[in-house]
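Structure first, then comments.
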């Protein structure tokens with residue numbers, strides 16, 4: 001039940017004792033994380049808990065002040081919280097550009113497969129800046145999955161989506177997980193983590209308070225309101 | 001890097017309005033700057049030296065005289081005159097830039113003027129002007145100013161010489177003393193000649209042999225013919241009594257129109273390259289792709305180099321196109337086109353590096369564009385402020401600021417390429433600026449991406 005209670009067995013990504021300071025403030029305090037092949041790991045917690053910082057450190061986009069990270073040889077896919085694709089390129093041009101930069105072996109085949117997998121085929125020739133938020137986020141996620149990385153880090157990928165788009169996104173992600181890709185997802189939505197994650201890490205004020213299956217989240221099973229359960233849990237932990 | 005460059009060019013291609021603006025705006029600004037270059041400082045500092053001894057500054061011409069001090073005062077009236085001891089000091093002041101030019105009235109000018117007026121032969125009187133051609137704007141202004149003032153002074157002399165010429169005509173009419181080539185002649189004059197001829201004709205018997213009076217008339221006629229032969233020299237002396245002998249320091253003499261062409265090309269290069277380099281990098285920040293790219297897809301240095309390269313290539317293309325178009329109307333040394341391209345490419349590298357440094361600072365494209373405009377135009381104008389137009393201290397400050405910005409060295413390099421100067425020092429200067437701005441951008445990039 002406590003943090004780091006789960007031992008890395010077949011981890012494709014593993015981090016130990018990750019620490020990060022912003023001035024005097026501890027953003028992350030000796031966090032241990034691992035994610036296995038095909039596993040969906042959700043990192044949940046309130047704003048300012050350190051979720052985005054953790055993902056950025058795991059992706060290599062940000063330096064840490066202590067600890068170590070073992071990344072897979074096949075690379076780490078990263079889907080930042082904000083859209084990070086070129087608005088003035090079409091969907092297909094974005095995928096092709098990032099596939100080239102990722103040095104994907106068969107670019108045309110990978111791009112075609114990603115257009116189909118992400119449900120973007122019909123909008124392949126549209127400029128990204130003219131797409132709806134849901135489509136843009138799908139392109140954003142698709143770019144992170146190019147190059148077939150062993151693990152993909154997604155920072156609140158469903159935050160700006162309506163329920164139907166959210167389900168489509170999760171359907172897409174679960175297909176990738178079923179194919180063996182490890183997914184580490186941060187989210188505010190506890191119910192979403194409950195439904196889709198194999199394992200959950202609860203993060204608050206840079207500390208990992210819980211690491212285990214969603215069903216083992218304290219009292220979650222007793223309450224219909226997952227968020228209320230999380231708030232109660234955090235309060236019990238002094239956060 | 002190649003794919004990013006192609007991506008950036010594709011994005012540019014999808015913004016025809018932006019491309020049209022990038023082509024037209026620099027051309028308009030360049031033309032406006034070129035027009036503004038037609039004026040220089042109102043009272044430039046000029047070293048003055050009158051080598052004519054104080055007691056020899058008045059020329060006697062028959063009964064009349066010319067005071068050359070009055071002539072010199074006219075010459076020096078429009079400048080902030082800085083008296084100097086000798087030619088050496090004058091040359092040093094010009095070389096150091098403390099004065100725009102030096103005007104020297106040589107010791108022999110009064111003798112030559114006297115000879116010209118008395119038709120004694122010998123070289124025409126001249127004053128010496130020394131100026132520094134390192135700054136074509138300044139040099140052209142000095143040339144125009146001094147030539148204008150010499151013309152004014154010549155007009156003063158013309159008035160005096162006209163009076164003297166009128167005296168000669170009076171002698172021809174009424175008779176009197178006349179000096180040519182150092183010999184004095186007693187001139188009979190047309191009136192006396194007519195009286196003698198009339199008297200002789202009245203008394204002359206048909207077979208008279210009064211040869212002597214007729215010989216006298218004949219001699220006068222011959223003298224009149226000779227004087228008419230010399231009249232072109234008299235008129236030349238009146239038209240331009242004193243000429244100018246120029247000495248150029250700093251080894252080159254770039255015409256102002258070539259300088260203005262260089263300014264137009266470098267302004268275009270600066271605006272296109274700065275706007276594109278800063279804008280393309282800021283676009284990566286605005287699209288939030290910067291962090292994704294430098295996380296491992298592209299090396300930060302390569303990303304910056306790509307932006308600077310794309311922007312520099314576009315800027316170089318626009319500047320060369322402008323030179324080619326202007327070259328139709330202004331004579332340019334096409335055989336040195338390779339050197340133009342080298343100078344512009346070096347300038348593009350420095351402007352590109354500065355542009356990416358600005359792009360790192362700005363969070364979005366609009367801010368980057370505004371920053372590029374706000375910074376570049378005033379610094380470009382500073383770089384063309386002529387020496388002598390402001391105080392020496394302020395000019396030193398301007399020089400230091402201009403040296404930190406690529407405009408002035410790029411302009412100097414292109415000026416050398418368009419003229420016949422050596423641009424090695426300017427290219428080195430641009431390379432140093434490119435390296436420094438590139439380093440600043442590289443150091444600041446991770447913070448910008450965070």
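Anything in the stretch A:103-121 that is away from every other protein chain (no Cβ under 14 Å), surrounded by fewer than 21 Cβ atoms within 10 Å (Cβ to Cβ) and assigned to a helix (DSSP H, G or I)? List them, or say none.
Once the filter is applied, which keeps residues that are away from every other protein chain (no Cβ under 14 Å), surrounded by fewer than 21 Cβ atoms within 10 Å (Cβ to Cβ) and assigned to a helix (DSSP H, G or I), the stretch A:103-121 yields A:108, A:109, A:110, A:112, A:113, A:115, A:116, A:117, A:121.
Within the stretch A:81-97, which residues are facing chain B (nearest Cβ under 7 Å) and within 15 Å of the chain's Cα centre (by Cα)?
Hits for the stretch A:81-97 are A:82, A:83, A:84.
Would you check if residue A:27 is surrounded by 21 or more Cβ atoms within 10 Å (Cβ to Cβ), within 14 Å of chain B (Cβ to nearest Cβ) and in contact (Cβ under 8 Å) with a residue 12 or more places away in the chain?
Yes: the conditions hold for residue A:27.
Restricting to the stretch A:48-64, what's the tally of residues that are out of contact with any helix residue (DSSP H, G or I) (no Cβ under 7 Å at 6 or more places or on another chain) and either free of Cβ contacts under 8 Å to residues at least 40 places away in the same chain or within 14 Å of another protein chain (Cβ to nearest Cβ) (or both)?
7
If the requirement is being closer than 22 Å to residue B:362 by Cβ and either more than 14 Å from chain A (Cβ to nearest Cβ) or crowded, with 19+ Cβ neighbours inside 10 Å (or both), which of these qualifies: B:322, B:293, B:332?
After ruling out the rest, the residue left standing is B:293.
Condition test on residue B:446, is it within 24 Å of the chain's Cα centre (by Cα) and closer than 27 Å to residue B:286 by Cβ?
no
Pick from the stretch A:65-80 the residues that are part of a loop (DSSP other than H, G, I, E, B) and at the interface with chain B (Cβ under 9 Å from one of its Cβ atoms): which of them is farthest from residue A:27 (Cα to Cα)?
So, considering only residues that are part of a loop (DSSP other than H, G, I, E, B) and at the interface with chain B (Cβ under 9 Å from one of its Cβ atoms), the one farthest from residue A:27 (Cα to Cα) is A:75.
Can you name every residue in the stretch A:122-137 that is assigned to a helix (DSSP H, G or I) and farther than 17 Å from residue A:176 by Cβ?
Of everything in the stretch A:122-137, those that are assigned to a helix (DSSP H, G or I) and farther than 17 Å from residue A:176 by Cβ turn out to be A:122, A:123, A:128, A:129, A:130, A:133, A:134, A:135, A:136.
So residue A:100 passes all but one of these: (1) within 13 Å of chain B (Cβ to nearest Cβ); (2) touching a strand residue (DSSP E or B) at 6+ places or on another chain (Cβ under 6 Å); (3) more than 17 Å from residue A:141 (Cβ to Cβ). Which condition number does it fail?
Only one criterion in (1) within 13 Å of chain B (Cβ to nearest Cβ); (2) touching a strand residue (DSSP E or B) at 6+ places or on another chain (Cβ under 6 Å); (3) more than 17 Å from residue A:141 (Cβ to Cβ) is unmet by residue A:100, namely (2).
Any idea which residue in the stretch A:124-150 is nearest to the chain's Cα centre (by Cα), counting only those that are over 19 Å from residue A:162 (Cα atoms) and away from chain B (no Cβ under 12 Å)?
Top of the filtered list is A:145.
Take the residues in the stretch B:1-54 that are in a loop (DSSP other than H, G, I, E, B) and within 14 Å of chain A (Cβ to nearest Cβ); name whichever of them is modelled with the highest pLDDT.
B:14
Rundown of residues vs (1) closer than 28 Å to residue B:302 by Cα; (2) surrounded by fewer than 18 Cβ atoms within 10 Å (Cβ to Cβ); (3) modelled with pLDDT of 85 or more; (4) under 18 Å from the mean Cα position of the chain (by Cα), yes/no style:
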{"position": "B:380", "(1), (2), (3), (4)": "no, no, no, no"}
{"position": "B:394", "(1), (2), (3), (4)": "no, yes, no, no"}
{"position": "B:410", "(1), (2), (3), (4)": "yes, no, yes, no"}
{"position": "B:420", "(1), (2), (3), (4)": "no, yes, no, yes"}
{"position": "B:431", "(1), (2), (3), (4)": "yes, yes, yes, no"}
{"position": "B:438", "(1), (2), (3), (4)": "yes, no, yes, no"}
{"position": "B:442", "(1), (2), (3), (4)": "yes, no, yes, no"}
{"position": "B:450", "(1), (2), (3), (4)": "yes, yes, no, no"}
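So, in the stretch A:81-92, how many residues would count as being in a helix (DSSP H, G or I) and crowded, with 21+ Cβ neighbours inside 10 Å?
Qualifying residue count, the stretch A:81-92: 1.
Answer with yes or no whether residue A:198 is at pLDDT below 85, surrounded by fewer than 19 Cβ atoms within 10 Å (Cβ to Cβ) and touching a helix residue (DSSP H, G or I) at 6+ places or on another chain (Cβ under 9 Å).
For residue A:198, the condition - at pLDDT below 85, surrounded by fewer than 19 Cβ atoms within 10 Å (Cβ to Cβ) and touching a helix residue (DSSP H, G or I) at 6+ places or on another chain (Cβ under 9 Å) - is not met.
How many residues does the stretch A:70-80 contain that are surrounded by 17 or more Cβ atoms within 10 Å (Cβ to Cβ) and touching a strand residue (DSSP E or B) at 6+ places or on another chain (Cβ under 8 Å)?
6
The values are calculated or read from the model by the stated rules, or taken from the named source; none is laboratory data. Predicted, not measured: the structure shown is a model, and the values here were computed from it. Glycine also receives a Cβ, built like all others from the backbone with ideal geometry; neighbour counts cover every protein chain displayed.
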